[in-house]
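Working notes, beginning with the structure itself.
The values are calculated or read from the model by the stated rules, or taken from the named source; none is laboratory data. No experiment lies behind these values; they were computed from the predicted model shown. Backbone-built Cβ (ideal geometry, glycine too); neighbour counts: all protein chains shown.
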Amino acid sequence: MGKNGGNLSNDNFGSKFGAMAALAGSAVGLGNMWKFPYMAGENGGSAFIIIYLICILLTGIPVMLAEFIIGRGGGKNVYGSFTALAPHKHWGAFSIVTVITAGAILSFYGTVSGWLLQYIFYSLTDLFKGVDAEGVNVIFENFTSHPYHPILWQVAFMALVAVIIAFGVRKGIEFSSKFLMPLLLVILVVMVIRALTLNSDSVEGLKFLLKPDFSSVTMKTFIMAMAQAFFSMSVGMGVLITYASYMRREVKLFKMSINVAVADTVISILAGFAIIPATFAFGMQPDVGPSLIFLTLPQIFAQMPLGQMWSFLFFVLLAIAALTSAVSLLEVVVAFVAQEWKMTRLSATIICTIVISALGVLSTLSFGPLKDVSLFGMNFFSFFDYLSSNILLPLGGFLISIFIGYIIKRSIVKRELSNDGELKLRGMGFYMVMMRYIVPVAIFLVLLYSIGLL
Ligand code: PHE
């Protein structure tokens with residue numbers, strides 16, 4: 001037992017670097033590589049980036065820190081940590097929102113990640129060679145609307161995630177992140193250099209990304225930036241609580257939150273530097289939304305020297321990013337099921353993977369046989385995406401901020417932030433004011449906006 005309340009010592013992160021790699025692995029995902037570049041492209045370039053940075057400082061980092069405090073303070077899965085720290089049991093029940101959010105996100109995350117695996121395979125067989133816009137469209141449409149091919153790839157991806165989780169915290173999550181995250185960074189930097197040196201128009205892409213265009217900024221931009229900040233940093237769905245429960249006492253929580261935020265933001269911006277200039281270099285539009293990576297980029301690779309290799313590397317990069325994020329999502333659910341329902345890690349992993357994959361099949365099929373099924377005017381895929389990113393995530397963040405601001409004992413916050421009194425505490429009063437008044441209000445506004453009340 002010990003201070004971490006029940007975690008076996010071999011099921012904790014072995015080192016600070018390992019913890020950092022796992023957290024960065026969770027944070028860096030499709031949100032950085034896929035959503036961020038097109039969002040910046042559509043919403044005024046660096047105007048969006050500036051607003052995004054403000055959201056990270058004002059809400060992202062404070063809530064991340066709150067999750068660290070809850071996780072390491074409680075030492076258990078989301079539900080266990082909330083019940084351990086709260087005076088009333090019903091807080092544990094509220095926290096289940098985050099477990100559901102993690103499962104819901106993973107369900108549609110598996111769909112897109114499966115596509116990535118298929119695209120790695122397409123690159124290996126040089127399928128995009130000499131293909132024009134029309135051809136790329138046909139490849140995408142035929143694949144995503146196929147009645148079972150995308151399901152096979154989705155299941156393959158989920159199986160990979162499950163294997164890592166089954167190996168446990170240190171041998172599975174930490175080990176794979178320590179190896180995959182540096183690899184991801186190297187590939188990304190190589191891609192940025194390639195994109196910026198394609199031709200003289202590449203630089204135009206860079207200018208486009210860096211030139212602030214405040215004319216396209218609206219209230220909606222702020223809301224989107226904040227939802228994106230949460231999603232990208234993996235805030236609001238219990239991932240950080242779960243991972244923090246595996247962190248040792250000597251990890252400095254505030255410093256760790258800054259490190260993760262910086263790493264995540266730098267990688268988003270690098271992804272923008274890789275993708276937007278490449279689209280400019282080939283005279284394409286960067287603001288086409290989600291289809292950017294599956295429709296626009298393959299056309300670009302088709303025209304590039306050594307395109308097959310670049311395309312392969314690019315989709316491997318995305319698959320790595322997706323894998324380490326998906327691992328963290330599954331861990332939230334598995335930790336909950338294993339600890340609360342007293343199951344072994346292996347059985348919990350198998351059961352959770354099957355249930356979440358089955359749910360994910362609905363999203364996968366919403367590009368094919370279930371195309372016309374709509375929930376609140378959206379297909380399954382968009383529904384799960386909207387529900388989790390725009391409603392459940394902010395709701396989770398709201399509950400977490402209220403919990404830290406009003407419910408938990410201050411002495412616990414102090415203990416966790418100061419590492420049992422070893423670190424000098426500065427700014428704790430300020431932090432509490434943020435968590436009581438600023439963060440919950442900001443998140444609440446996002447929620448109201450998302451459900452159409454604002
Ligand atoms: N942060 C991940 C990304 O940017 C997504 C994610 C969200 C992962 C929530 C885990 C938890 O893609």
Suppose we filter Trp115, Trp91 for residues that are assigned to a helix (DSSP H, G or I) and closer than 22 Å to Gly405 by Cβ; which single one remains? Trp91
Pairing a residue in region 365-385 that is closer than 20 Å to Thr101 by Cα with any residue that is assigned to a strand (DSSP E or B) and modelled with pLDDT under 85, where Cβ atoms lie under 7 Å and the two sit 6 or more apart in sequence or on different chains, gives Phe383/Leu375
Kindly check whether there is at least one residue in region 268-276 that is β-branched (Val, Ile, Thr), closer than 18 Å to Ser46 by Cβ, in contact with a strand residue (DSSP E or B) (Cβ under 9 Å, 6 or more places away or on another chain) and away from the ligand (no atom under 16 Å from the Cβ). yes
Of all the residues that make up region 284-315, how many are surrounded by fewer than 24 Cβ atoms within 10 Å (Cβ to Cβ), at pLDDT 90 or above and within 16 Å of the ligand (Cβ to nearest atom)? 0
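Here is a yes/no grid of residues against (1) modelled with pLDDT of 95 or more; (2) crowded, with 18+ Cβ neighbours inside 10 Å; (3) of a type outside the set (Asp, Glu); (4) at positive phi:
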| position | (1), (2), (3), (4) |
| --- | --- |
| Asn4 | no, yes, yes, no |
| Ser15 | no, no, yes, no |
| Ala22 | yes, yes, yes, no |
| Val97 | no, yes, yes, no |
| Phe108 | no, yes, yes, no |
| Leu117 | yes, yes, yes, no |
Pick from Phe108, Phe143: which is within 15 Å of the ligand (Cβ to nearest atom) and either within 16 Å of Ile293 (Cα to Cα) or in contact with a Phe, Trp or Tyr (Cβ under 7 Å, 6 or more places away or on another chain) (or both)? Phe108
Residue tally, condition under 21 Å from Tyr52 (Cβ atoms) and surrounded by fewer than 22 Cβ atoms within 10 Å (Cβ to Cβ), over region 266-283: 3
In region 190-236, which residues are in contact (Cβ under 8 Å) with a residue 12 or more places away in the chain and of a type in the set (Val, Ile, Thr)? Val190, Val192, Val203, Val217, Thr221, Ile223, Val235
Filtered residue count, region 361-412, keeping only those that are under 28 Å from Ile70 (Cβ atoms) and touching a helix residue (DSSP H, G or I) at 6+ places or on another chain (Cβ under 7 Å): 25
Trp91 versus (1) away from the ligand (no atom under 15 Å from the Cβ); (2) crowded, with 23+ Cβ neighbours inside 10 Å; (3) under 16 Å from Leu395 (Cβ atoms): which is the lone unmet condition? (2)
Does any residue of region 26-43 turn out to be under 20 Å from Val217 (Cα atoms), not charged (D, E, K, R) and not in a helix (DSSP H, G or I)? yes
In the list Ala66, Ala93, which residue meets the criterion of being modelled with pLDDT of 95 or more and small (Gly, Ala, Ser)? Ala66
List the residue pairs whose Cβ atoms are under 7 Å apart, where the first residue sits in region 306-328 and is farther than 16 Å from Phe294 by Cβ, the second is away from the ligand (no atom under 16 Å from the Cβ) and basic (Lys, Arg), and the two are 6 or more positions apart or on different chains. Gln308/Lys129
Could you check region 190-302 for helices (runs of 4 or more DSSP H) lying wholly inside it with 2 or more residues that are among the β-branched types (Val, Ile, Thr) and in contact with a Gly (Cβ under 8 Å, 6 or more places away or on another chain)? 239-244, 253-281
Is it true that some residue in region 316-332 is more than 14 Å from the ligand (Cβ to nearest atom) and either within 19 Å of the chain's Cα centre (by Cα) or under 22 Å from Leu210 (Cβ atoms) (or both)? yes
Boolean, Phe336 is at pLDDT 95 or above and out of contact with any strand residue (DSSP E or B) (no Cβ under 6 Å at 6 or more places or on another chain): yes
Kindly indicate which of Thr111, Thr144 is in contact (Cβ under 8 Å) with a residue 24 or more places away in the chain, closer than 26 Å to Leu393 by Cα and not charged (D, E, K, R). Thr111
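One line per residue, one yes/no per condition, for (1) in contact (Cβ under 8 Å) with a residue 40 or more places away in the chain; (2) buried (at least 24 other Cβ atoms within 10 Å of the Cβ):
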site: Met33; (1), (2): yes, yes
site: Ala47; (1), (2): yes, no
site: Thr59; (1), (2): yes, yes
site: Met64; (1), (2): yes, yes
site: Asn77; (1), (2): yes, yes
site: Gly80; (1), (2): yes, no
site: Thr83; (1), (2): no, no
site: Phe121; (1), (2): no, no
Can you find a residue that is away from the ligand (no atom under 16 Å from the Cβ) and among the small types (Gly, Ala, Ser) anywhere in region 224-241? no
